[in-house]
Amino acid sequence: MVGDRRWISDVTEHYYQEIYCYCRRHVDTDDMAYELTQSVFLRFCEQYRSVDRRYVRAWLYRVAYHLCADYYRAEYKRREWMAPMPPDLEDPAHLTEDRGMTDTELTDAVSYLLSCLSESERVLFCERYQLHLPYEDMAQRRNTTAAAVRKRVSRMRSKLKRLAHRLFSVLLLLWK
């Protein structure tokens, strides 16, 4: 029993920062990375008897990966499908069948789409598409790899596409 406690303590001390950094690269905030890291080590404390001591690092990473994936699934449901439509887009009175969107309406639609992104996604969008920063520079700012930034940009673009599809589907229904 004392040996088990010592092993848990050693594993936590040795891998905590590494797992925290892994989680931080995959979520938006330090607080969420901290919570996920705590969850990883809580599961480790609960299941340490079933963990092969030779593969403890791999086990920790696998749990962290799954917790980050669960976090993104929950965020996806919460942010994207529950996002309210702007009141002016819900009211079809100002739309007529004989015209398309004005520049102001298009600007409002784009602003709405960007407002549905998290703060870190908006910064990513700005850096990539307004400032035209290369992935390597964006990676340096985040203390991560260019591949990780490319993946985040890809996810952000996919999210914008889904939101745009939803928004413009509603607009098409309103114009009919």
Separation of the Thr29 and Leu42 label points, Cα + 7 Å toward Cβ, nm: 1.7 nm
Listed residues Met32, Met156 arranged by accessible area, highest first, probe 1.4 Å: Met32, Met156
By accessible area with a 1.4 Å probe, ligands and nucleic acids excluded, highest first: order of Phe41, Phe125: Phe125, Phe41
The range 126-139 - phi-based ³J(HN,Hα) in whole Hz, Karplus 6.51/-1.76/1.60, Gly and Pro as x: 4, 4, 7, 9, 9, 8, 6, 6, x, 4, 4, 5, 5, 5
Cβ-derived FRET efficiency at R0 22 Å, Val170 paired with Ala74, nearest 0.05: 0.35
Segment Ser154-His66, extension gain: residue separation times 0.36 nm, minus the distance between their alpha carbons: 29.7 nm
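The values are calculated or read from the model by the stated rules, or taken from the named source; none is laboratory data. Since this is a predicted model, take the numbers as computed values, not measurements. Because the Cβ atoms are built from the backbone with ideal geometry, glycine has one as well, and the counts that use them run over all protein chains shown. Please note that ligands, DNA and RNA were not included when accessible areas were found on the heavy atoms of the full protein model with its side chains. Shrake-Rupley method; radii C 1.70, N 1.55, O 1.52, S 1.80 Å.
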